Amino acid sequence: MSKQEPDQLLGGNERYSRQIRFGPIGRGGQRRLSEAAVLIVGVGALGASIAQHMVRAGVGSVRIVDRDYVEISNLQRQVLFDEDDAREALPKAVAAAAKLKRINSEVRVEAYAADVTAASAPGFAAGVDLVLDGTDNAPTRLLLSDLCYRLGIPFLYGGATAASGMSGIFIPGETACLRCLIGGEDGGSTETCDTAGVISPTVDFVASLQAAEALKWLTGNQEAVRRTWLTAELWPFRIRELRMPPPDADCPVCGKHQFRQTAGENAEKDVDSGSSEPDAGSAAVVLCGRDTVQVTMAGKPDMLKLEARLSQMSCRVERNPYLLRAELPDSGIRLVIFPDGRVLVQGTSDLEEAVRLCNAYMPVAPSGCCKEEEVDSDG
């Protein structure tokens, strides 16, 4: 294939030459990509794959948010991380952003090691053209779907467990919302990657479906977007597609447009600061299948003082610029503490026990509990 002259390529840049030669995208589509912004919530398995597709394609601004950190068990399927990231226990958002910026320095990558809640979600979604799902639980997905319908932003869903995957795009005003398809916060698959496992080709398959639809939408090829709910089984192989239903006239979200006011509705949000106050309804949640409880403390900890306190209490403590890990003595429990006040209590799925431990080791922890989060696919 003969090379085009540099001035025939967008911005004289060879980077996107093969993508520009693809007729449906061309120079105009590439220009639209360079002006687009996307939000990817969760940069574990699905989110990491989606993010690298968006960055390699030249999407102008890619905003990533994730509440977790890299562990060795992630490396089998989470393509942006390596053994050094796991050894250093880097937040996934931080580690992913470092890799993405090395892939394409022309793209603006915004990374937030934070939880997406009713209070913080509107700020994270501000100014984006598309929200891509890389999460691992139904409550967060429903929160994002509801928010997208309120803001008029398409929501691109994806899920992967074992050798099964599914994907669909929810378009405000055109399709029903996610809540119509899966019901309440306990909706979706009862299996998780922790119970059924997952193979990395499943993740790549679903992420590629999401990325392809994202490129169609962002390049102005909305008529080519797949309007189906696709489920796939890779082992043995079979695919099923069902046309996405229209908005349900009786649904408060996609039909009646009656959106619940979020905790952050009237609060000033500064996404660039990465700061957000936890909403009162998420003091503690069980991350199902992970033997982990996330506890949100009443205030932001002084990490240096907390490190000294935990060391004096015979904990084995490790700290990096982003988090602090403490192995509690003679318990098999680990506390992973983030500067925003979140604590992952690893080694228990008991809400009361997790909160009790946080109160014992960190006196600013809350005394109340919340609900169990149903993890239904890999993140």
Subject >> Karplus-derived HN-Hα couplings along the range 146-159 (A = 6.51, B = -1.76, C = 1.60, θ = phi - 60°), whole Hz, x at Gly and Pro >> reply: 4, 5, 4, 5, 5, 8, x, 10, x, 10, 9, 8, x, x
Original post:
Roughly to the nearest percent, how much of the accessible area of the range 88-247 is carbon and sulfur, given a 1.4 Å probe?
Top reply: 54
Subject >> Karplus-derived HN-Hα couplings along the range 76-88 (A = 6.51, B = -1.76, C = 1.60, θ = phi - 60°), whole Hz, x at Gly and Pro >> reply: 5, 9, 9, 6, 8, 10, 9, 5, 5, 4, 5, 4, 8
**OP:** Mind scanning Lys92/Lys305; Lys99/Lys305; Lys256/Lys300; Lys99/Lys216 and naming the pairs with a C-alpha gap bigger than 29 Å?
**Re:** Lys99/Lys305; Lys256/Lys300
**OP:** Order the peptides 163-173, 69-79 from the highest to the lowest mean number of other Cβ atoms within 10 Å of their residues.
**Re:** 163-173, 69-79
**OP:** Towards the positive end of the charge dipole of the range 1-131, with charges on Cβ (+1 Lys, Arg; -1 Asp, Glu), say which of His53, Ile20, Leu130 has the farthest Cα.
**Re:** Ile20
Original post:
Order of 57-66, 311-320, 217-226 by packing, highest average Cβ count within 10 Å first?
Top reply: 57-66, 217-226, 311-320
Original post:
Using the heavy atoms of the protein chains alone and a 1.4 angstrom probe, what is the accessible area of the range 29-99 per residue in square angstrom?
Top reply: 29
**OP:** May I ask you to order 234-240, 208-214 by the average number of other C-beta atoms within 10 Å around their residues, highest value first?
**Re:** 208-214, 234-240
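The values are calculated or read from the model by the stated rules, or taken from the named source; none is laboratory data. In this text, all values refer to a predicted model and were calculated from it rather than measured experimentally. With ideal geometry, Cβ positions are generated from the backbone for all residues, glycine too; neighbour counts draw on all protein chains shown. To get the accessible areas, we keep the full protein, side chains included, count just its heavy atoms, and leave off ligands, DNA and RNA. Shrake-Rupley method; radii C 1.70, N 1.55, O 1.52, S 1.80 Å.
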